[in-house]
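The values are calculated or read from the model by the stated rules, or taken from the named source; none is laboratory data. None of the values given here were measured: they were computed from a predicted structure. With ideal geometry, Cβ positions are generated from the backbone for all residues, glycine too; neighbour counts draw on all protein chains shown.
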Amino acid sequence: MSHDTIDQAIAQLKLLGMRDTLEQRLQQAQEQQLSYREFLHLLLQDEIEYRGAKTLARRITHAKFEEEKTIEGLKMEFYPSSIQKMIRELACGHYLAKHQHILIMGTTGAGKTHLAQGLGHLACRKGKNVLFIRASILLRTLLAARADQSWGKVFKRFTQPDLLIIDDFGLKSMTATEAEDIYELIAERHLKGSMIITSNRSVEGWLELFPDPVMANASMDRLAHQAYHIALTTDESFRKKMRPTMNKES
């Protein structure tokens with residue numbers, strides 16, 4: 001069988017990972033005297049890895065992260081040992097199977113968004129669908145959807161992912177409509193999918209963001225109950241520590 005015939009068959013079957021490594025594997029088979037079974041196994045593994053990488057890249061694109069931050073890139077030594085232990089536990093991803101939430105609090109520059117996106121990146125690697133969005137954009141999007149009668153369709157975008165990450169929640173108090181949208185989102189996702197929410201405020205301070213105390217308590221009861229609470233504290237700004245330093249001439 002000619003090379004062209006093989007290439008055409010591979011292209012027809014869309015075995016692109018196998019196509020990219022075929023010549024390398026043929027050479028390896030000759031040099032190492034691999035059996036037909038061993039040779040086929042290597043090619044199949046190449047295809048599996050190629051498709052896995054493509055799927056992961058697609059999930060990361062759909063997640064709409066602001067930056068590609070990973071847990072591996074998080075400077076764990078900046079945090080107390082208790083926080084490091086909790087982050088390592090969350091990195092295992094068990095909270096996703098249990099549909100639990102993660103509430104990350106801390107001052108500006110403490111690494112809240114990095115941690116949230118890092119956990120989201122890990123979730124993508126575990127085969128989960130993830131969506132990252134800033135709270136202000138989320139609320140504006142839902143408000144605009146009410147105006148053009150597409151609220152149900154737009155709302156569904158935020159309930160379908162296995163993990164929804166809402167960044168910078170609570171920068172200002174919510175209107176009655178915004179509070180209702182947040183309540184509906186929390187109620188719909190409760191026990192069905194996980195959420196990660198970052199905020200400069202403590203969870204207790206979230207109650208005052210709602211104009212209606214009854215809705216506030218109903219929302220927080222669903223959200224905060226059995227959720228992981230992470231208060232990120234460092235002796236100085238995470239961003240400041242990561243800033244390059246300039247060598248000064250004496």
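For this structure, a couple of remarks:
- Set side by side, the residues 40, 34 differ, and just one is outside the structural domain of residue 125 (by TED's automatic domain parsing), assigned to a helix (DSSP H, G or I), aliphatic (A, V, I, L, M) and over 30 Å from residue 121 (Cα atoms), which is 40.
- Any hit, the stretch 73-93, residues being of a type outside the set (D, E, K, R), at positive phi and surrounded by 11 or more Cβ atoms within 10 Å (Cβ to Cβ): yes
- Matching residues in the stretch 27-55 - criterion: being among the hydrophobic types (A, V, I, L, M, F, W, C) and surrounded by 15 or more Cβ atoms within 10 Å (Cβ to Cβ): 29, 34, 39, 42, 43
- Being closer than 24 Å to residue 115 by Cα and in contact with a Leu (Cβ under 9 Å, 6 or more places away or on another chain) is a property that residue 198 has.
- Pairs with Cβ under 7 Å, 6+ apart, first in the stretch 113-132 and closer than 22 Å to residue 156 by Cα and in contact (Cβ under 8 Å) with a residue 24 or more places away in the chain, second of a type in the set (D, E, K, R) and part of a helix (DSSP H, G or I): 124/59; 129/59; 130/59
- Considering only residues in the stretch 75-110 that are more than 16 Å from the chain's Cα centre (by Cα) and of a type in the set (A, V, I, L, M, F, W, C), the one that is farthest from residue 188 (Cα to Cα) turns out to be 78.
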